[in-house]
1. So how many residues does the stretch 23-72 have that are charged (D, E, K, R), closer than 25 Å to Ala148 by Cα and assigned to a loop (DSSP other than H, G, I, E, B)?
2. I need a count of the residues in the stretch 262-283 that are surrounded by 13 or more Cβ atoms within 10 Å (Cβ to Cβ) and more than 21 Å from Arg378 (Cβ to Cβ).
3. Filter the stretch 73-115 down to residues that are assigned to a strand (DSSP E or B) and surrounded by 15 or more Cβ atoms within 10 Å (Cβ to Cβ), then give me how many there are.
4. I'd like the residue in the stretch 1-22 that is in a strand (DSSP E or B) and surrounded by fewer than 21 Cβ atoms within 10 Å (Cβ to Cβ) and, out of all such residues, is nearest to the ligand (Cβ to nearest atom).
5. In this structure, does Val384 turn out to be under 19 Å from the mean Cα position of the chain (by Cα), at negative phi, surrounded by 19 or more Cβ atoms within 10 Å (Cβ to Cβ) and not assigned by TED's automatic domain parsing to the domain that holds Leu32?
6. Filter the stretch 299-351 down to residues that are assigned to a helix (DSSP H, G or I), within 16 Å of the ligand (Cβ to nearest atom) and free of Cβ contacts under 8 Å to residues at least 40 places away in the same chain, then give me how many there are.
7. Can you tell me how many residues within the stretch 24-37 are closer than 30 Å to Asn337 by Cβ, of a type in the set (A, V, I, L, M, F, W, C) and within 13 Å of the ligand (Cβ to nearest atom)?
8. Could you tell me how many of the residues in the stretch 241-261 are surrounded by fewer than 17 Cβ atoms within 10 Å (Cβ to Cβ) and within 14 Å of the ligand (Cβ to nearest atom)?
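The values are calculated or read from the model by the stated rules, or taken from the named source; none is laboratory data. Since this is a predicted model, take the numbers as computed values, not measurements. Positions of Cβ are backbone-derived with ideal geometry, glycine not excepted, and every protein chain shown enters the neighbour counts.
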Amino acid sequence: MIGIDLGTTNSLVAVFENGHPRVLANELGEELTPSVVAAAEDGRILVGRAAKDRLIVDPGSGMACFKRDMGTAARYRFGGKDWNPVTCSAMILAEMKRIAEMQLGSAVTEAVITVPAYFHDQQRQATVEAAKIAGLKVERIINEPTAAALAYGYRNPEQETQVLVFDLGGGTFDVTLLEIFDGVVEVKSSAGESRLGGEDYTDALCAWLEKKHAWSPERSQAGNWRQRVEVAKRMLAVHELTRVSVNGSLVDVTRDDFKDATASITARLRPVVTRCMRDAGIAASDLNDVLLVGGASRMSAVHEFIHDQLKRIATAKLDPDRVVALGAAVQAGLCANDAAVGDIVLTDVCPHTLGIEMAKEGGSGRPESGFFAPIIDRNTTVPVSRSRVFNTMHPQQDIVEVEVFQGEARMTKDNQKIGQVAVNGLRHVPGQKHPGEIDIRFSYDMNGILEVEVTVLSSGQKKRLVIEQRPGSLSKREIEEAIARMQPLKLHPRDLLPNRARLERANRVYAELVGHARDHLDSLTNQFEAALESQDPHLIKPSAAVLDSFLRSYFEHEGERQPGSADA
Ligand code: AMP
């Protein structure tokens, strides 16, 4: 099994061998294969370095950066054929497979492939489809920053560290916060921007130079010009000053020029970092390390940004170009139960908020449809199961069409629809309990399986829908097993015995107290009940601990033995 980093600009293939991940090189000794496909003059299809060179000569002869279009209906035409992001990616994956087979001397049929954390299901599915065309079965799709963390965590699994992975590639930007302790790599949160990367820096520098020198390249020279600016950008990662040929004359470009030219791009990094830290509830001062990933993280403008924003100097302990591929290989080792990585446990979060569409009273005072009602928030640790109760709009309404969406927008039209299920029998009947109420439970696991259970509370009638992130990748039995594993999560925390016992104990003590102590206990109980309603273990645990400590001190004071307090 191989690990593939299918990058916007470059792709790499790695393998886990003799207890270590290793990146494999092609015949030219190169580990980075440009993610470029082109047609030669004689119509032959070129992949990688040759295709990239061909594009410099004839920009219309092929395609680069197609990863940005994954999951869309984009079409390209070159070499007399129609192409799309999936078929272009398939050519790159086939090349990775070929390199691996040549290096390993055996057939390769399975792969772990990395994608940006912010890829939504369609983009992930498009990646799986591309692999299928390339003759590879996808064993697992993992997020690039998680892969980076695995490559990092696998080396120091025992050390307790909070790491921010700052991944700026050619076309995507991802930030992930991880905690590593006792061999567990726990993803706390992730955030990203799917159209922001090193290529935008090159574009911005091109535009800045063109404007400054009141010049624009001929169409046939555009590829060549961009290439020169790309080189200048890379030079500025190591030098204060470089030169670039504009319209035949050499002009100076300093780091400060570059910073000015690209300030609007750098400004877009900030909100992503802030959102990720906020979601995880981690402050910059809590971080132990900032791990740089992606070629564009080499730019001094980025180092300065990290220094300003996170008040620390980022370390590139692992090569930013290789770390994702190395992590993919570690994951391949995990999948293959390699003893050398057997001790690492990886926990992940769901990257997008999952919910349903609902109607509510809009600004006009009339019911309006199309609102998003979140059920599982983004960056919740998986596996997770959450439920919420909804009502029909009118007593006469009999049917509800539950439409399932993922995304962060307030209106569902701006999110992604991933499935739907209908229930009926909701018309109000006099005397019945819970008229028109439906309980919607979402259960989501690490394999990307979302189980939606809709229960009509008046009759107990249930409907179930299973949405796979990667249809076809798991057998029916594997799906049923994954769902069965989520079963214990499905009890609402308020119904769990230890929590019920805790509340009963609190009520008993409440009756004994008066005055300020009683008010205080009341407010602690309220907080605990609110935490239970949130169904979020991160809120339940601390509020249970505070309540327990109050109750414990009461019992100690009273000299009464407290009945065994259990965990939330
Ligand atoms: P990746 O998608 O990780 O391959 O990232 C490639 C991006 O990193 C491209 O936009 C490159 O221009 C950029 N990049 C690679 N090396 C450097 C460097 N030394 N300095 C600045 N940018 C670089």
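1. 2
2. Total satisfying the criteria: 3.
3. Residues that pass the stated criteria total 9.
4. Arg22
5. yes
6. 2
7. Matching residues across the stretch 24-37 total 1.
8. The number of residues fulfilling the criteria is 1.
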